[in-house]
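Beneath this line is the structure, given in structure tokens, with notes to follow.
Coordinate-derived values only; no laboratory data. Given the structure is predicted, the values throughout are model-derived calculations rather than measurements. As a convention, Cβ positions derive from the backbone with ideal geometry for all residues, glycine included, and neighbour counts pool all protein chains shown.
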């Protein structure tokens, strides 16, 4: 990957990691607070269910874009790699077109929904506009598309070499284990 693309890839990956982790921690805190309120103080928050479901949707969209950065979604990489190189290239291009089409349609539909919602608000928190909570659909779809674009050079390099993401992860873990083993042997002597 070239310099600017690598920079954008790293920047987006860190952003998605940070946002996804922050959303998971926020959801965990909301759930803990709600459980404590219900079982310790015999009280409940009217906003809990609505906020928790929105946070879960946000985690899903931002997490999906993060997974796209590493091409970790379900796929048929083993099947594609078993094909001859020319067919492999055709299948890769076809898969990319399908993914982009789906997420472009999703982004457009999300945008249309935002327009329809207008000035509506959450039922339990009247000060939170629905456009804000539902903006995750077009934004998440856009981030997914960007993640796909930025991860494409690495994916093409892997496909040309006939290696999968799993192959690279296994090779990396073996190298770590060998380095750790060598380090342990040196410390013993």
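Classify the range 92-181: rounded, prolate or oblate, from the alpha-carbon gyration tensor (a ≥ b ≥ c, eigenvalue square roots; a/c under 1.5 rounded; otherwise prolate if a/b is larger than b/c)? Note, shape of the range 92-181 comes out oblate. Angle of helix 48-69 to the longest C-alpha principal axis of the chain, folded into 0 to 90 degrees and rounded to 10: 20°. Each Cα pair under 8 Å and six or more residues apart adds its separation to the average, and for the chain the resulting relative contact order is 26 percent. Between 0 and 90 degrees, the angle of helix 3-39 with respect to the longest Cα principal axis of the chain falls at about 40 degrees.
With springs connecting C-alpha atoms under 10 Å apart, model the chain as a Gaussian network and identify which of 43, 151, 53 has the largest mean-square fluctuation. Answer for the Gaussian network model of the chain: 43.
Axis angle, to the nearest 10 degrees, between helix 85-117 and the longest C-alpha principal axis of the chain: 10 degrees. Given R0 = 25 Å, the distance between the Cβ atoms of residue 95 and residue 176 translates into a calculated FRET efficiency of 0.25. Adding -39500 (n - 2.57) for every DSSP H run of four residues or longer, then dividing by how many residues the chain holds, sets the calculated 222 nm ellipticity at -28000 deg cm²/dmol. Counting neighbouring Cβ atoms within 10 Å and putting the fewest first, the residues 117, 69 line up as 117, 69.
Taking square-rooted eigenvalues a ≥ b ≥ c of the alpha carbon gyration tensor, is the chain rounded, prolate or oblate, where a/c under 1.5 means rounded and, failing that, a/b exceeding b/c means prolate? Note, shape of the chain comes out oblate.
Spatial offset of the range 12-67 relative to the range 111-129 amounts to 19 Å, using the alpha carbon center of each. Running a GNM on the chain with Cα contacts under 10 Å, which residue among 169, 50, 120 ends up with the highest mean-square fluctuation? Comparing 169, 50, 120 in the GNM, the peak value goes to 169. Based on C-alpha pairs under 8 angstrom that are at least 6 apart in sequence, the range 1-68 has a relative contact order of 44 percent.
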